[in-house]
């Protein structure tokens, strides 16, 4: 379990932490678009970089280091927003979203998970499902993916997320692959609508 977690919160999102995929940084275009759309709702948004990116390296850190970075950023964001950790939603693209979900699975309080292009498995490797923590995700979860994502088809992702006890919402962008290029506005609008549906922030 992760130490230092906060209260559960009331489901409303007062802050949003966004983490990038393995090959990107905090300025990845979809994250920037989500930042602008959600901040317009009065939510405090922070886009983070993992330590390897800050150090100028290309290879991701060990999972324990990635998880520690998410915990530190989430706690800092809660303090910045003046809210309990349980009022912070976590997520991001691909690996970033997955690490956030692992942190929540290990006990980090959160209002919700927002998982864009969740990497269910490496392409062509259905034997390497990244789902061991799904039964511990007792928070609302948004999975937003392209219908041609080689890291998890709609059928595969729908079946896998049945193990999640929290309420799961799936949104699909027709014909798009894992990168979902050219869809930043649609991704941002979908996330903003989801955050709005989670409830008032006052």
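Points to keep in mind about this one:
- Potential lengthening between residue 57 and residue 128 on full extension [0.36 nm per residue; Cα-Cα distance subtracted]: 23.0 nm
- Among 38-46, 109-117, the order from most to least packed when residues are scored by Cβ within 10 Å on average: 109-117, 38-46
- Descending principal axes extents, the chain, alpha-carbon based, whole Å: 43, 33, 33
- Approximating the spin labels as points 7 Å out from Cα along Cα→Cβ, the residue 138-to-residue 171 distance works out to 2.7 nm.
- Sorted peptide list for 118-127, 68-77, criterion being average Cβ within 10 angstrom, highest first: 68-77, 118-127
- Computed on the chain, with alpha-carbon pairs under 8 angstrom and 6+ residues apart, the relative contact order is 25 percent.
- Taking each DSSP H run with n ≥ 4 as -39500 (n - 2.57) and averaging over every residue of the chain yields -10000 deg cm²/dmol at 222 nm.
- Computed from the Cβ-Cβ distance with R0 of 30 Å, the FRET efficiency linking residue 64 to residue 185 stands at 0.25.
Just so you know, all these numbers are worked out from the coordinates, no wet-lab data involved. Computed from a prediction, not measured in an experiment: that's the story for all the values here. Note: ideal-geometry Cβ built from the backbone for every residue, glycine included; neighbour counts use all protein chains shown.
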